Amino acid sequence: MKRTIPLACLAAATLTSLANGPQATAGEWWDNLKHEMHVVYHRNNAWPQPFAELSAAQTRAPFEVMKQKGWLLHNTIGHELFRDGDGALTAAGRNRVHWIATQAPANHRVVHVLRGASEAETEARVEAVRVALNHMYISGPQPPVYITEIQPATSPGMRASQISRAAMTNMPAPKLPASNSSTGGDGS
């Protein structure tokens, strides 16, 4: 289907060409007008293709931010994974650092350490994470270690156990579905 240039677009192209200044000769003015008409015609015929990718990128942008913040929280080594006082990693903390360094997707292998109560405690925590990373066999570069103040949401283990037990006690007993095939030998 051939599309025509609307009169309003032609008028806009004419005004744009006239705005180039009075120094333009009649030939230049006509060439500018033809060029503007050509651009408008092809832009109208190509619509919405040139703008679809920009719209899609703008639609995905908030989700990308959410994913990055989710990985930041997931890879944060919180207070409960360090010993009180000296900032050494607990066994669970070493396991979390190991998972981040070896199992996380390569572009998300970043360790975030939650800031301690004092600067000395924070430095001890960062040093404990770096020592743990140095003692691991990691294929590829060693993950960077950053300090963060964003504490991930956690819940007590007792609450998680209560939820699991309640789900198990309310689970119906497994049973096979009733057979709907006939038992007669005539096939009906």
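The values are calculated or read from the model by the stated rules, or taken from the named source; none is laboratory data. Predicted model only: the values in this text are computed from it and were never measured. Glycine also receives a Cβ, built like all others from the backbone with ideal geometry; neighbour counts cover every protein chain displayed. Surface accessibility is based on the protein's heavy atoms, side chains included, excluding ligands, DNA and RNA. Shrake-Rupley method; radii C 1.70, N 1.55, O 1.52, S 1.80 Å.
For the reader, a short list of remarks on this structure follows.
- Centre-to-centre, using Cα atoms only, the stretch 135-171 and the stretch 30-106 are separated by 23 Å.
- Per-residue SASA entry for Phe63, accessible area with 1.4 Å probe, Å² rounded to 10: 120 Å²
- Carbon and sulfur %, accessible surface of the stretch 40-188 computed with the full protein complex present, 1.4 Å: 58 percent
- Under the shape rule built on the C-alpha gyration tensor, where the axes satisfy a ≥ b ≥ c, the stretch 44-188 is oblate, since a/c reaches at least 1.5 while a/b does not exceed b/c.
- Between Ala117 and Lys175, the simple spin-label model (points 7 angstrom out along Cα→Cβ) gives 5.7 nm.
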